[in-house]
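Reading through the structure tokens given below for one structure.
The values are calculated or read from the model by the stated rules, or taken from the named source; none is laboratory data. Predicted model, so just to flag it, every value in this text is computed and none were measured. Positions of Cβ are backbone-derived with ideal geometry, glycine not excepted, and every protein chain shown enters the neighbour counts. Ligands, DNA and RNA are excluded from the accessible area calculation, which covers all protein heavy atoms including side chains. Shrake-Rupley method; radii C 1.70, N 1.55, O 1.52, S 1.80 Å.
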Amino acid sequence: MALEIIGAGFGRTGTHSLKLALEHLGFGPCHHMYEVRAHQNQLAFWRAAGRGEPVDWNAVFLGYRSQVDWPGAHYWRELLAHFPKAKVILTVREPHAWYESLRQTILRSLIESRPVDPDPYNRAVSDMVHDLTFSKAFGGRMDDRDHALAVYESHNRSVKAGVPPERLLVYDVADGWAPLCGFLCVTMPEVPFPRTNSTQEFLVRKKLVHNPDSAAS
């Protein structure tokens, strides 16, 4: 099974909502960072990619019909070359809202949670994420707002310039089903579009804030 959809958007642009939407539309399973955390065989692939070694993309995405989020989004050029029939979805959001979400979630997790995670595998995945995003994508300056915004906007420009327009959807998940279904030539569902992985949900999952509902559960 070859990838049919490549998600080129950075994390915190609605990638998890898009994952669920694609799976609902029949383009699943959809690869997302959560898949790396859930399946321990995945980490070796992404470590190799980070070292610049040849990667068997067919093996990485064996059984998946689509991909969104980091780490795959970092390698969108390689995936576009390897899966030449795939369509590309670039998830976007207002840049300053994106950075604020990144700052409160991924950046905070990499700084606070990663060094003290008691699970060796989770810590290893977080180390890979730190190397890929903080060090490589943002040049060690993810905490520099202006620099991070410049990286974000440069990435989006590169995707727009590098993907044939007929194969590219620039997509804000706030727009819901219509543009996504039109691009994929599928019928629009009658169920609400999934809205998941908010900043608060991320922080609770990473135990960076107290869950106000936990006392009642």
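What the table shows:
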| read-out | value |
| --- | --- |
| Residue within the range 158-173 that is modelled with pLDDT under 95, touching a Ser or Thr at 6+ places or on another chain (Cβ under 6 Å) and among the aromatic types (Phe, Trp, Tyr) present | no |
| Residue list for the range 94-109, restricted to those being assigned to a loop (DSSP other than H, G, I, E, B) and either in contact with an Asp or Glu (Cβ under 6 Å, 6 or more places away or on another chain) or open to solvent by less than 10 Å² (accessible area, probe 1.4 Å) (or both) | none |
| The lone exception for Phe202 - which of (1) in contact with a helix residue (DSSP H, G or I) (Cβ under 9 Å, 6 or more places away or on another chain); (2) open to solvent by 30 Å² or more (accessible area, probe 1.4 Å); (3) modelled with pLDDT under 95 it fails | (2) |
| Residues satisfying the stated conditions in the range 94-144, i.e. modelled with pLDDT of 95 or more and in contact with a Ser or Thr (Cβ under 8 Å, 6 or more places away or on another chain) | Trp98, Met142 |
| Test: residue in the range 158-167 that is under 19 Å from Ser101 (Cβ atoms), among the hydrophobic types (A, V, I, L, M, F, W, C) and in contact with a helix residue (DSSP H, G or I) (Cβ under 8 Å, 6 or more places away or on another chain) | no |
| Per-region count, the range 132-152, residues surrounded by fewer than 16 Cβ atoms within 10 Å (Cβ to Cβ) and under 16 Å from the mean Cα position of the chain (by Cα) | 1 |
| Residue list for the range 111-121, filter: open to solvent by less than 50 Å² (accessible area, probe 1.4 Å) and within 21 Å of Ala44 (Cβ to Cβ) | Asp117, Tyr121 |
| Residue match in the range 86-109 (condition: touching a residue at least 40 places away in the same chain (Cβ under 8 Å), among the acidic types (Asp, Glu) and closer than 30 Å to Glu166 by Cβ) | no |
| Pairs with Cβ under 7 Å, 6+ apart, first in the range 174-191 and surrounded by 15 or more Cβ atoms within 10 Å (Cβ to Cβ), second among the polar types (S, T, N, Q) and not in a helix (DSSP H, G or I) | Cys181/Thr187 |
